1. Stick to Cα atoms and the Kirkwood definition of Rh, then tell me Rg/Rh for the chain.
2. When a/c reaches 1.5 or more, the comparison of a/b and b/c decides; with that in mind, is the range 1-139 rounded, prolate or oblate per its Cα gyration tensor?
3. How high is the FRET efficiency between Thr270 and Glu141 when r is their beta carbon distance and R₀ equals 51 Å, given to the nearest 0.05?
4. Evaluate E = 1/(1 + (r/R0)^6) for Leu479 and Thr329, where r is the Cβ-Cβ distance and R0 equals 25 Å; express this FRET efficiency to the nearest 0.05.
5. Counting other C-beta atoms within 10 Å, which of Trp484, Trp242 has the fewest, and how do the rest follow?
6. Search the structure for amide H atoms under 5 Å from the amide H of Val258, placed 1.01 Å from N in the peptide plane, and list their residues when 5 or more places away or on another chain.
7. Contour minus end-to-end for Glu499 and Arg434, with contour as 0.36 nm per residue of separation and end-to-end as the Cα-Cα distance?
8. Could you tell me the relative contact order of the range 61-225? Use alpha-carbon pairs under 8 Å, at least six residues apart, and round to a whole percent.
Amino acid sequence: MSENQNPQTPALLSPNDPAAGVLLHVTSLPSPYGIGDLGPAAIAWVDRLADAGQRWWQILPLGPTGLGNSPYDPLSTFAGNLHLLSPDWLIEDGLLEPSDCERVDHPTHYVDFDRIRVIKPRLAELAWKNFQSHGSTALREAFAAFCGAQAHWLNDYALFIALKERFSGASFYSWPHEFVRRDPDVIAQARQELAPRIEQARFGQFLFFRQWHRLREHAARRNVRILGDLPFFVSHDSSEVWAHPELFLLDANRQPLVAAGVPPDYFSATGQLWGNPIYDWNAMQRNEYRWWMNRLRALLTLVDAVRLDHFRAFAAAWHVPAGAPTAETGKWVPGPGADFFVQAQYTFGRLPFIAEDLGLITDDVRALRDAFHLPGMRVLQFAFDGDPDNLFLPHMYDENTAVFTGTHDNDTTRGWYAELPEKSRKLVRETLDRPDLDADEVAWALIETAWSSKAGLAIAPLQDLLNLGSDARMNIPGLAAGNWSWRVTEEMLDDQVFERLHELTRRTGREASAVPAR
């Protein structure tokens, strides 16, 4: 045991049992309905991972997305994205007819979000109407139980959605003043007037969680664990900021006093100005971080472990003055630090977290990560700068590390390599001792390097397994539009690719115990 390891914190990764997995967001799954969903294609994907010896499926956040379609800027940190509902499973529940889901000629290689924002809500609304008219007793009882168990966030979220529709989709801070400030009499009247729409919003969430738990139970049967993702900040236009303004640094009009972002780094020369409100950690601490503990508890009912996005903000966050045009101006302000994780450990008895410790990482961030024995992240695309002590080089890893060929914020490995100057490509070839390495082989060269390392967990995006170029990239940080839309088709899921992955996983000792499908 290292001197920094907390003996009361069970390790997420085992040095004697290394594992592997694949990153693919739910929206990217094949589906005849225009966007990946929680139904049969997700079940088939879990089976494919299990059959290839993979132990982990990494996903992106599951919350309802707003403008820009980013899963990292959801309308609620507790709610699920109804665009992910499976029409096939709604038919199974008797809530839709096959004729309701006639397969529109959707694009297959990307998500047309403008179209999805029309089609999927119509199906959810029709499912609600059918539930009201002929929903089964079992379904009604399950819905009532769900509403009772989730009332602590569900009631505010459902009202938030109903009001958002009343005000034509406007951000809550531009609603009439009495609604922004949640005047008790006005809110009570709104709950009464909007009761049917509020109940429909609750029902949509019931369907999401019902379908997700069915998918997760199948994954557990196949010995595939799910690695979820928790954005550090929440959206300014979210039900949480509207319902709990006391937990954020806001002015009287519910505008952020300071905004979240990061200073210039290898992703952006001017930094990234996210604009999210920043937490009032003093207020959080006074009630033992109850809101955060509820947030973590909710996610841990959906997944087996959580990637803590922007982990460094637990040590210190970059506060950008309100109204600044870029993130270049700002200052580091301390976060909750160890006090937060002591509370989390007391609450949950374990810390099944991976720290996303990328970007400008200082000694205090590393100390916080190591004090609670949290695995850090290493991204192979960042390893090739010629520095023999670069922490992203494979020989620098220990077992309590999760290594990725790339993340959702990186270009695909093939695309990344193609854009490197020849001097840098030469350095990649020399570092990997692959003098003849070319664009056709580089993605698998990095996958093999990751799988062969000491890291307790190795993960590759599906795009790298399939050796895809930049047109399959998921996200370009700092670009507000055009992201998150990439999809895979059934035809692209080549059995030979997964056989190769299985052989590599077996050879490097990362194979999961085989559990046959039932």
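1. Details: Rg = 22.9 Å, Rh = 24.0 Å.
Over the Cα atoms of the chain, Rg/Rh equals 0.95.
2. Details: a/c = 2.00, a/b = 1.96, b/c = 1.02.
It comes out prolate by the Cα gyration axes.
3. On the way: r = 54 Å, r/R0 = 1.06.
Efficiency, from the Cβ-Cβ distance: 0.40.
4. Numbers: r = 21 Å, r/R0 = 0.85.
Between Leu479 and Thr329 the formula returns 0.75.
5. Details: Trp484 21, Trp242 26.
Least crowded to most crowded, the residues run Trp484, Trp242.
6. So Val258 has HN proximity to Ile278.
7. On the way: separation 65, 0.36 × 65 = 23.40 nm, distance 2.31 nm.
Between Glu499 and Arg434, full extension yields 21.1 nm more.
8. Details: 120 pairs, mean separation 39.8, N = 165.
Reported relative contact order: 24 percent.
Bear in mind these aren't lab numbers, they're just calculated from the coordinates by the rules spelled out. What you are looking at is a predicted structure, and each value in this text was computed from that prediction instead of being measured. Using ideal geometry, Cβ is built from the backbone for each residue, glycine included, and neighbour counts are taken over all protein chains shown.
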